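Written out below as structure tokens is the structure these notes cover.
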Amino acid sequence: MFKNYFKIALRNMQKQKLFSFINISGLAVGIACCIVILLWIKYELSYDKFHENSKEICSVLIQYDKGAYQTGLYGALPAALKEEIPEIINSARLSSLWPLNKNPIKYEENSFVLTGNAADPAFFDIFTYPFLKGDPKTALSEPNSIVLTEETAAKLFGDEEPINKSVQFEMWGRWQNVKIAGILKDFPQNSTIKFDFVIPSSLMKRFRQTYDSWDDICSPAYVLLQKDVSYKSLNDKIKDFIVRHRPESKFTVHLFPLTKIHLHNYAGGGAITYIYIFSSIGILILVIAVLNYMNLSTARSINRAKEIGIRKVVGSNRSQLVTQFLSESIIVTIVALCFSLIILKLLIPIVNNVLESHLNLAYSGDFVLSVIGIVFFTGIISGSYPAFYLSNFKPVNLLKGTRESGSKSIVFRKFLVLTQFTISALLIICAATAHKQLNYINNRDLGFNKEFIINLEMRGSFFQNRRNF
């Protein structure tokens, strides 16, 4: 049966080439936009989910007297949470190196200014970043050790073997000799945590003696919860945890899931708003294509009137005609999908450049199922009104050529046209407004000349003589 529907659909497409081209083009653009937005949403929602225990990892936040939430914690807080709260399996701090999170690191003649962090040994027990060389369980156990990323190791050593070799990095004007204990595979693009090298937290104590105390707010931290433990229920239990150790403190403790950090703010809102906005745009673009198909199909219904009349005379019932038209619509949508894949090849690089993302057409199982769902949903919705509208014609009137459209169908078609153009106008107005706002932000007078302002990093001898400067 489907084979017959397919032949009929191809024959009608050949007879009405211009009509078919317009329909397929509109659906192809709509499907392509939907797939791009789907890829982008999937990418944004995938942040940090590559860790084995991503659902159980939480960031620790503190809040001062119902004010803003902050990630900087008392140095002793993470270890105390692990020791006193049974639901917390492990904890680890991860702090930026001072003063600007950028530190010179060198090996022989090779020297670079890179991003450095300090972490507790348990950091690589909580986060499952893959190691190319070295043991993640012992990589940060020695105070004078360092772990480099694959890219950093290539910069410093080239083709040399880096493990157990010494490098130097500078912090607060002092150079430190450290031994390479591990090489970390470069971070995935969908990771919120990124650095070029990491040193043990024990080394930080040489620069900040209060690093482990209840007197210094210095370092962000993460905890690993037991399976099936809700961070919301645990928040009620640990809210007054700091007050137990510092009665005079007004800080409260809160946990926030790692997988939500990229898109959500703890107090509400965040980049998740853009997910909703782009999802709505994708749906609206697809709706325009669907309405265009409905309008053209019903407008050209007179060309198929005699075909429908003859099919009804020879015994076809309404359900068979509905099935035929819906099948034709799905076949047209499948053809549009083929063209949309060509459009995607051109569209994805532009989207990656504009959004600074890393989208690619990876034909995974869930992606293929999503595309199939879009195709069938689009095909059924596009063909639903034409199918029920055309199959309702009376065969006698069709064969006589005296078919009456009916006032209800005319009103509905006018409503479809009005809706289509309203959505189009709305999207154009929003795009123009956004463009003007961005142009205003980029060209607004800041009140000072950026070309005459410089930034000097106080490093080495410059830092030692900063008072004279």
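Miscellaneous remarks
- Residues of the stretch 18-58 that are buried (at least 21 other Cβ atoms within 10 Å of the Cβ) and not in a helix (DSSP H, G or I): I57, C58.
- Residue selected from the stretch 258-273 under the condition in contact with an Asp or Glu (Cβ under 9 Å, 6 or more places away or on another chain) and either in contact (Cβ under 8 Å) with a residue 12 or more places away in the chain or at positive phi (or both), by the criterion surrounded by the most Cβ atoms within 10 Å (Cβ to Cβ): L258
- Residues that are part of a strand (DSSP E or B) and under 23 Å from S202 (Cα atoms), drawn from the stretch 63-86: L73, Y74
- Scanning the stretch 114-137 for residues that are more than 26 Å from the chain's Cα centre (by Cα) and free of Cβ contacts under 8 Å to residues at least 60 places away in the same chain returns A122, L132, K133, G134, D135, P136, K137.
- With respect to the conditions (1) in contact with a helix residue (DSSP H, G or I) (Cβ under 9 Å, 6 or more places away or on another chain); (2) at pLDDT 90 or above; (3) over 24 Å from Y222 (Cβ atoms); (4) surrounded by 17 or more Cβ atoms within 10 Å (Cβ to Cβ), E170 lacks only one, and its number is (2).
- Qualifying residue in the stretch 181-195 (condition: at pLDDT 90 or above, surrounded by fewer than 19 Cβ atoms within 10 Å (Cβ to Cβ) and not in a loop (DSSP other than H, G, I, E, B)): no
This table checks each residue for (1) among the small types (G, A, S); (2) modelled with pLDDT of 90 or more.
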position: Y231; (1), (2): no, yes
position: F241; (1), (2): no, yes
position: E248; (1), (2): no, no
position: L255; (1), (2): no, yes
position: I261; (1), (2): no, yes
position: A271; (1), (2): yes, no
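- Scanning the stretch 137-176 for residues that are of a type in the set (V, I, T) and part of a loop (DSSP other than H, G, I, E, B) yields T138, I163.
- One residue stands out among those in the stretch 201-219 that are under 20 Å from R244 (Cα atoms) and not polar (S, T, N, Q): the one that is surrounded by the fewest Cβ atoms within 10 Å (Cβ to Cβ), which is D215.
- Scanning the stretch 150-159 for residues that are surrounded by fewer than 21 Cβ atoms within 10 Å (Cβ to Cβ) and at pLDDT 90 or above yields E150, E151, A154, K155, F157.
- Which numbered condition Y276 fails, given (1) in contact (Cβ under 8 Å) with a residue 12 or more places away in the chain; (2) assigned by TED's automatic domain parsing to the domain that holds C430; (3) aromatic (F, W, Y): (1)
- Exclusive hit being over 35 Å from the mean Cα position of the chain (by Cα) and either closer than 30 Å to E248 by Cα or surrounded by 15 or more Cβ atoms within 10 Å (Cβ to Cβ) (or both), set V198, V147, V178, V223: V178
- Flag for D212 being at pLDDT 80 or above, part of a loop (DSSP other than H, G, I, E, B), closer than 21 Å to D125 by Cα and within 31 Å of the chain's Cα centre (by Cα): no
The values are calculated or read from the model by the stated rules, or taken from the named source; none is laboratory data. Small disclaimer: the values here were computed from a predicted structure and weren't measured. Note: ideal-geometry Cβ built from the backbone for every residue, glycine included; neighbour counts use all protein chains shown.
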